[in-house]
Amino acid sequence: MIRKTRLFTPGPTPLLPAAQFAMAAADIHHRTPEFRALYTKVLRDLKTFVGTKNDVILLASSGTGAMEASVSNLTSPGDRVLVLSAGKFGERWVSLAKAFGCDVDVVSAPYGQTFDLEEVRRALKIETRAVFMQATETSTGVRHCVSGVAEVLKQSGKDAVLVVDAITGLGTTHINMDGWGVDVLIGGSQKAVMIPPGLSYLAVSDRAWELMEISLNPRYYFDLRKERKSAAKGESAYTPAVALIAALGAALDYIAAQADGDLAAGRAKLVENAETCAAMTRAAVEALGLKLFAPEAPSAAATAVLPPPGMDSGVFVKELKNRFAAVITNGQGEMKGQIFRIAHLGFFDYMDTIALVGALEQVASSLKLPGFAFGKALVAAQNVFASRAPDEAARHNCPCGRPIGHSAMAGVSLPAR
């Protein structure tokens, strides 16, 4: 049989064909009226996609560049910051903050789990300048309760800004940046917007812009104030990634077209799609007798799965690639060999999910997993799809167990792990 390569990875994700065509046609100089019109439209549409009235800044960098920019623009050497860490990307916040001379407090949770909000409350200090966290920790397949952390910050009376890495959260989780009080929300191009790596973007609140004026850490290329000033004229401060910006414009148009031109409604459909694919996958792997790595707070960006005891998770990664050209990811760092991860963000749909589940059944058969029978995983996935209501995603988006629009009340904490 022929093999067709399919990415089931949490970044880069499968490319949108319309975005590929836009890149091929993007023969535009960046200091022209044509580019200014494109850039202005993309920035405007990004605000709608993020769901904010705040300014959105585009950077020619991976998501880590936007993470670094948020640290360098909002802090001074010696500032105390709080990092909420439960995986490799939470640990990246710690490293970035230390690189810029911050005194870092950490609230941590074991891999595969999320934070207790009461611990977050206790860790906040009067002098805490900023709180850094992930919306979804892709290295472990966990979703964190951004709304709960934002509410804890409000109730604390502290003046800290909240910075959220939503690089895999946007497009897989309903996030209310303005309503919750998030000050910086970060996204990346190679995730839910279905284009290649190389762009990151930040939605920035008025409070964060004010803090930048008194922050003393050095910044040059990643000076967000320069980018904001240039963006007001339809330009970037430095040479932009023209082809990627054209691709992003095409991707945002595609998302809007999923809801008759309504980009905000298209974003909701994108989230619901990821939620459904994730729920189908979770049901399927459990039907195979495998265990989820993050059963209590699973994200819709990627599902992390434990292999059978004594088996290296790389076996599943290699078998899927060698037999079906289906590319999933192993665990990162010390989790390599301990879990495998299947992504759902961006240009994935029902048909992709069913195909992946069918391939997993073939792998499970060849590995002679105990109790295996063909069809069990597929039936489980089909049942999830058939029973899932259109608004199901909105009811299951927060690890606190409340609807996504909830306001975490004083004294409420996540269950102790």
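Hey, in the GNM for the chain with a 10 angstrom Cα cutoff, which one of L320, L216, L185 fluctuates hardest?
The residue that fluctuates most here is L216.
Which whole-number percentage describes the relative contact order of the chain, with Cα contacts under 8 Å and a sequence gap of 6 or more?
Reported relative contact order: 23 percent.
Between G188, G266, G169, which gets the highest mean-square fluctuation from a Gaussian network model of the chain, Cα cutoff 10 Å?
Between G188, G266, G169, it is G266 that shows the largest mean-square fluctuation.
Can you give the FRET efficiency to the nearest 0.05 for D178 and A325, using r as the Cβ-Cβ distance and R₀ = 30 Å?
For R0 = 30 Å, the calculated efficiency reads 0.10.
Cut-off is 10 Å between beta-carbons; in what order do H30, H144 appear when sorted fewest neighbours first?
H30, H144
When the convex hull of the C-alpha atoms of the chain is computed, what volume per residue in Å³ does it have? Can you show the working numbers first?
Numbers: hull volume 55.7 nm³, N = 417.
Given the Cα convex hull of the chain, per-residue volume reads 134 Å³.
Mind giving me the nanometre distance, one decimal, between the label points for F374 and K318, set 7 Å out from Cα along Cα→Cβ?
2.5
What value, in deg cm²/dmol to 500, does the helix sum -39500 (n - 2.57) over DSSP H runs of n ≥ 4 give at 222 nm once divided by the residues of the chain?
Numbers: 15 runs with 172 residues, N = 417.
It lands at -12500 deg cm²/dmol.
Considering only T128, S365, I339, whose Cα is most displaced toward the positive end of the charge dipole of the chain, charges sitting on Cβ of Lys, Arg (+1) and Asp, Glu (-1)?
S365
Using θ = phi - 60° and the Karplus form 6.51 cos²θ - 1.76 cosθ + 1.60, what ³J(HN,Hα) does each residue of segment 233-239 get, whole Hz, x for Gly and Pro?
Karplus values, whole Hz, x for Gly and Pro: 9, x, 10, 9, 5, 10, 4.
Subtract the Cα-Cα distance of D260 and E34 from 0.36 nm times their separation in residues, and report this length gain in nm to one decimal.
In short, 78.8 nm is gained.
Treat each spin label as a single point 7 Å out from the Cα along the C-beta direction, and report the T239 to R225 distance in nm.
In this crude label model, T239 to R225 measures out at 2.7 nm.
Per q in 0.17, 0.24 Å⁻¹, report the Debye log10 I(q)/I(0) for segment 83-143, using one uniform scatterer on each alpha carbon and no solvent.
Each listed q maps to, in turn, -0.53, -1.00.
Taking N as the number of residues in segment 250-339, what value does Rg over Cα atoms divided by 2.2 N^0.38 Å take?
Compactness ratio reported: 1.34.
Report Rg (one decimal) and Dmax (nearest whole number) for segment 17-257, counting Cα atoms only, units Å.
Expressed in Å, the Cα Rg and Dmax of segment 17-257 come to 17.5, 54.
Going through the DSSP H helices of the chain, which span 27 Å or more along their own axis at the Cα atoms while scoring at least -0.5 as a mean Kyte-Doolittle hydropathy?
Answer set is 263-287.
Taking the chain as a Gaussian network, where each spring joins two C-alpha atoms under 10 Å apart, which residue of R207, R341, R80 fluctuates the most?
Of R207, R341, R80, the most mobile in the Gaussian network model is R207.
Out of all Cα-Cα pairs in segment 232-293, roughly what percent, to the nearest whole number, are more than 19 Å apart?
In whole percent, the share of Cα-Cα pairs in segment 232-293 beyond 19 Å is 57.
Sort 193-200, 54-61, 116-123 for me by packing, meaning the mean count of neighbouring Cβ atoms within 10 Å per residue, highest on top.
193-200, 54-61, 116-123
How compact is segment 317-393 by the rule of thumb for globular proteins, expressed as Cα Rg over 2.2 N^0.38 Å?
1.22
For segment 321-395 and segment 190-210, compute the distance between their C-alpha centroids and round to whole Å.
Rounded to whole Å, the Cα centres lie 29 Å apart.
Read-outs: derived from the displayed coordinates by stated rules, not from any lab. The structure displayed is predicted, hence computed values, not measured ones. So basically every Cβ, Gly included, is an ideal-geometry build from the backbone, and we count neighbours across all protein chains shown.
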